[in-house]
Every structure is written in structure tokens, then in C-alpha cells.
Amino acid sequence: MIKLNTFPTLHQASSAAARVVAEQLRSKPNSNLGLGAGKRLVPFYEELVVLHRAKAAPFIKFRSFQVCEYLGMPGTHPMSMRFFLVDNFLDHIPAARRFQKRLPGLPVNMEGTCRRFEERIKRFGGLDMIVIGLGPEDSIGFNEKGASFDSRTREVLLSDDLRKHFAPNFPRASVPRRGITMGIKTILSARVIIVMAGGEDDAPLLSRMLTSRIGPSVPSTALRKHDNLLIFADNAAAASVPASFKRAS
């Protein structure tokens, strides 16, 4: 099932998505949540913090699983995905550190790190919900063009196009060349997938995700294979989605 929810603003879309997560946590306080990073997710995390302060979302027992990370930088680096999650969300809720399963930017043993991450997801009962944005070049996490739909958590080489996209955020455009990411199969294993989309820049990404032929050339199309895909988008991001799809969804 694909459900496209559109709103006039990203703030409204984020508020609606946050309420879905809050409902999940109320029904299962020890839920396992996959957490993506990126500017489109900032208002979503802000809304989750608002719900926490209103005592509408219990965060004491939930486990978080980081979707991806740059390799070669510590989690304290301002450009790391870990720093983003801590700064925008985890530092503002009662999230026990022992329940925060992160992908390290400086792993001692890459193969062992990826294997243990997957084992932890399985040991705790699988991902109940994952929240991601649409990445540049139709990526999901760091799964770029050509990524296998059967892929699991692994090390990846970041493309020049992706690095160019993120370069303005880095001093001297020093974007890492490698990353670690949940695989597409790992992401699809979540019981519910929430995709946030906002602004004109996301319009072609959302359109391709929903209308392109499903295959590795457009990694985001893998999400259409999921049984419970919830999309929360503002009107600008949904502008290029065909009217027939909007009616069907």
C-alpha cells in the first residue's frame, strides 16, 4: 500500500508524520525506529520534540537505528549524520544511549560492524518503522544508482554526484569518499516506511520514485515494493506527481 499525504507546507506534513510515529510509540513504547538525516527531516524531528514535551509521545524505551553515516569522521563532527540526529532530536528527548544503535564513522572492523548492526535489528524484533528523506540522485540512505535491492548494511563508495551535492555543507568541500549505510533490503524490512518530501527540489525525486520503472537505476523505486509506504509531502514536492496517482493513493 502506498499512501500519499499532501499538505500546504512541510511543517504541516512533518506534524502529521510525527503524530503517526507518536501513535506507534504509544501502542508499543519499545518500538525500533530507523532514523534518517537531512534538512527535510529537521521539522519532523522538531515536531517529535514538541509531542514529547506535550507528553504525547513516550521516548524512554524506544530504540533508534541510524540509517547511514559518512566514513572517516567521528560522530561528534558537525557534518556527521550522528551529530545531526543528536543535535536535532536525541538530545531533546529521554533517549537512553544504550538504546541508540548508531553506524560509526570510524569503525574498527567494517565487516563485523555491519554484521552486528544487522544482528541487533533482528535480535530486537526488526524495525517497526523507518523515517527517511529522498536523497540526491534518487538515493535512499547511501544506496545510490546500481545498488542491489537485496543489499544489507555495508560500506559504500559515494559517487561524485552525491559528493558534489553535499559539498556546500562541508569546509573546503571536503566530503568523505565513503560511507556506511543500511542496505535497501534492510530498509524494506521495516514494517512501516515513512518518506518525507518538501520543496521544489524534491518534486522530481518524488515523481521518479512513484512513476519510474522499478529497478536499481532509480533506487528509490524499491520503496514501491513495500506493503506500507507512507509519504508526507508539501504541495511543492508533490507538484509533479501525476493526478492519476494522487487519486489512486
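Here, each number is a calculation from the coordinates, and none is a lab measurement. Just so it is clear, the model here is predicted, and its values are computed rather than measured. No Cβ is skipped: glycine too gets one built from the backbone with ideal geometry, and neighbour counts run over all protein chains shown.
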Taking the alpha-carbon centroid of each part, what is the distance from region 126-198 to region 200-217 in angstrom?
-> 15 Å
Cα Rg over Rh - the chain, Kirkwood = 0.93
State the Cα centre-to-centre distance between region 64-104 and region 1-45 in whole Å.
-> 18 Å
How would you rank 27-36, 114-123, highest first, on the average number of other Cβ atoms within 10 Å across their residues?
-> 27-36, 114-123
Can you give the extra length, in nm with one decimal, that the chain gains between Arg178 and Met110 once fully stretched, where that is 0.36 nm per residue apart less the Cα-Cα distance?
-> 23.3 nm
Lys61: which aspartates and glutamates have alpha carbons under 16 Å from its alpha carbon, excluding same-chain residues fewer than 8 sequence positions away?
-> Glu23, Asp91, Asp128
Dipole of region 2-248, positive end: most advanced residue of Leu51, Cys68, Leu127 [Cβ charges, Cα centre] | Leu127
Enumerate the residues in region 113-136 having an amide nitrogen under 20 Å from the point lying 7 Å beyond the Cα of Glu23 toward its Cβ.
-> 127-132
More than 17 angstrom apart: percent of Cα pairs within region 113-224 = 57 percent
Which helices of the chain meet both criteria: a Cα extent of 18 Å or more along the helical axis and a mean Kyte-Doolittle score no lower than 1.6, with helices taken as whole DSSP H segments?
-> none
Answer in debye to the nearest 20: the dipole magnitude of region 2-248 about its Cα centre, from +1 Lys/Arg and -1 Asp/Glu charges placed on Cβ, is 800 debye
Along the charge dipole of the chain, Cβ charges K/R +1 and D/E -1, which of Gly112, Leu10, Gly38 sits furthest on the positive end?
-> Gly112
Which order do the peptides 54-60, 13-19, 142-148, 92-98 take when ranked by the mean count of other beta-carbon atoms within 10 Å per residue, highest first?
-> 13-19, 142-148, 54-60, 92-98
About the Cα centre of region 183-249, how large is the charge dipole given +1 on each Lys and Arg Cβ and -1 on each Asp and Glu Cβ? Please answer in debye to the nearest 20.
-> 400 debye
Grab the beta carbon distance between Thr76 and Val50, set R0 = 30 Å, and tell me the FRET efficiency rounded to 0.05.
-> 0.70
Residues whose built amide H sits under 5 Å from the amide H of Arg178, excluding neighbours closer than 5 in sequence, are Leu71, Leu158
Which of Lys101/Lys185; Lys28/Lys122; Lys28/Lys145; Lys55/Lys122; Lys28/Lys55; Lys145/Lys225 exceed 26 Å between C-alpha atoms? The answer is Lys28/Lys145; Lys55/Lys122
The exposure ranking of Leu90, Leu48, fewest beta-carbon neighbours within 10 Å first, is Leu90, Leu48
Kindly provide the helix-only [θ] at 222 nm of the chain, computed as the sum of -39,500 (n - 2.57) over DSSP H runs of four or more divided by all residues, to the nearest 500 deg cm²/dmol?
-> -9500 deg cm²/dmol
